[in-house]
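The values are calculated or read from the model by the stated rules, or taken from the named source; none is laboratory data. Keep in mind it's a predicted model, so treat the numbers as computed, not measured. Cβ placement follows ideal geometry from the backbone for every residue including glycine, while neighbour counts extend to all protein chains displayed. The protein model used for the area step is the full one, side chains on, heavy atoms only, and it has no ligands, DNA or RNA in it. Shrake-Rupley method; radii C 1.70, N 1.55, O 1.52, S 1.80 Å.
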Amino acid sequence: DTTVFGFKCVPTKAIASSYNREKNFIIVNSGSLQSIERESGVVGPEGIVGIVHSVSENFASILPLLHSDSKISGRLKGKDYFGQCRWRGIDDHYVILENIPNHVSIAKGDTVITRGSRGIFPAGLIIGFAESSERDESSGFQEIKVKLATDFQKLNSLYIIVNQEKLELDS
């Protein structure tokens, strides 16, 4: 285990997962006996994977980015604009970053990172890279298609990020 900026990183392994369903899942071989808690962030070597959903003594289920109920706050690196990353259930390599104002210029390859607002992830972890954007003139916001940094078909070694200051932040 390693601690960085109040976040404890616990290594774990994905032992079961899916990537081609509307409600995908990941099971890891770490649980409460290894200090894993609900609503902890999960990352892989390339980027964000998801959030711990439930925990038993030796296992945890993860709500991955590739789940219709998943919402992770992301922002454009080098810009102050943020929105929600959501999966539309279409392609396991892409999510949509919603609610970015139309006036913000987006370039292919712009990095999308975690905002760090809910205390689940530290700010600045890679989610993926802007592929394209679609403006909606009626709402004044655009949606950015984001190519995920994580390949969900190759999950193996992961890290669960436990924010040791989350209780204080939530209160």
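Return the residues of segment 44-94 that are open to solvent by 10 Å² or more (accessible area, probe 1.4 Å), touching a Cys at 6+ places or on another chain (Cβ under 8 Å) and not in a strand (DSSP E or B); say none if nothing qualifies.
Residue satisfying the conditions is K71 alone.
In segment 8-42, what count of residues is obtained for those that are of a type outside the set (G, A, S), under 15 Å from I161 (Cβ atoms) and open to solvent by less than 20 Å² (accessible area, probe 1.4 Å)?
6
Suppose we keep only residues that are in contact (Cβ under 8 Å) with a residue 40 or more places away in the chain and farther than 16 Å from F129 by Cα within segment 95-107. Which one would you say is most open to solvent (accessible area, probe 1.4 Å)?
Here the residue is N99.
Only residues that are hydrophobic (A, V, I, L, M, F, W, C) and over 17 Å from the mean Cα position of the chain (by Cα): list them for segment 98-157, please.
Listed by number, the residues that qualify are I100, V104, I106, A107, F141.
Please enumerate the residues belonging to segment 123-143 that are out of contact with any Cys (no Cβ under 9 Å at 6 or more places or on another chain), closer than 17 Å to Y94 by Cα and in contact (Cβ under 8 Å) with a residue 40 or more places away in the chain.
Step one: filter segment 123-143 for residues out of contact with any Cys (no Cβ under 9 Å at 6 or more places or on another chain), giving 123-126, 129-143.
Keeping just the survivors that are closer than 17 Å to Y94 by Cα gives 125-126, 129-134, 142-143.
The answer is L125, I126, A130, Q142, E143.
Within segment 47-61, does at least one residue satisfy the condition of being among the aliphatic types (A, V, I, L, M) and without any contact (Cβ under 8 Å) to a residue 60 or more places away in the chain?
yes
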